[in-house]
Amino acid sequence: MTQTIFVLNGPNLNMLGKREPGIYGGKTLEDIEADCKSAGRELGVDVDFRQSNHEGQLVDWLHEASDKAIGVAINAGAYTHTSVALHDAIRAISIPVVELHISNVHAREEFRHKSMIAPAAKGVIAGFGPYSYILALHALKNVTA
């Protein structure tokens, strides 16, 4: 049975490649998905990569991951800083969750310094550009091995 890692993406990440390339780089979300699937093959895991602009959809996917995955990497976008619902959903599941960010949120606006989901996550990776996704996959594979 192949192990699966869910990679969940929140609001506005569908705009990567167009949105503030000076902060987020030029890769599209589709490029990052391809990189994640390639890294997943190297790690021996399937990557289930998804994006939604809707908070409730992300909550539903976290619940689904609990039954189908060994872990979740989540870039919750702006919901990172506001969502008690995502915090509670992460606490409700028994698999590890890694919060990730393309930019170093601590070097940006003050409101981005507080994460509502970090206290519920296994760990946080931020500031390594799109490679943050690959680091999160490696971390999840390592903590679930």
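Fully extended, how many nm does the chain gain between Y131 and E30 (0.36 nm per residue separation, minus their Cα-Cα distance)?
Fully extending the segment from Y131 to E30 adds 35.0 nm.
Assuming 0.36 nm per residue, please report the length gained on full extension of the stretch S66 to Q3 beyond their Cα-Cα distance.
21.4 nm
Let's see if you can work this out: charge +1 on each Lys and Arg Cβ, -1 on each Asp and Glu Cβ, no other charges. What is the dipole magnitude of the range 64-145 about its Cα centre, in debye to the nearest 20?
160 debye
Rounded to the nearest whole Å², what accessible area per residue is found for the range 80-145 with the 1.4 Å probe?
For the range 80-145, the solvent-accessible area averages 49 Å² per residue.
What FRET efficiency, computed as 1/(1 + (r/R0)^6) with R0 = 22 Å and r the Cβ-Cβ distance, is obtained for H113 and N53, rounded to the nearest 0.05?
Once the sixth-power term is evaluated, E becomes 0.45.
Hey, which lysines would be in cross-link range of K141, C-alpha to C-alpha under 20 Å, not counting anything within fewer than 8 residues on its own chain?
By straight Cα distance, K141 reaches K37, K68, K122.
Ignoring any ligand, DNA or RNA, what whole percent of the accessible area of the chain comes from carbon and sulfur when the probe is 1.4 angstrom?
Exposed carbon and sulfur together represent 50 percent of the surface.
Over its Cα atoms, what ratio of radius of gyration to 2.2 N^0.38 Å does the chain give?
Here the Cα radius of gyration is 0.95 times the empirical estimate.
Go through the range 43-50 residue by residue and turn each phi into a ³J(HN,Hα) via Karplus (6.51, -1.76, 1.60, θ = phi - 60°); whole Hz please, and just put x for glycine and proline.
Coupling constants for the range 43-50: 7, x, 10, 7, 10, 9, 9, 9 Hz.
Which whole-number percent gives the relative contact order of the range 44-145, counting Cα pairs below 8 Å spaced six or more residues apart?
With pairs under 8 Å counted, the relative contact order is 28 percent.
The values are calculated or read from the model by the stated rules, or taken from the named source; none is laboratory data. In this text, all values refer to a predicted model and were calculated from it rather than measured experimentally. Every residue, glycine as well, gets a Cβ built from its backbone with ideal geometry; the counts of neighbours run over all protein chains shown. Keep in mind that these areas ignore ligands, DNA and RNA; they rest on the heavy atoms of the full protein, side chains included. Shrake-Rupley method; radii C 1.70, N 1.55, O 1.52, S 1.80 Å.
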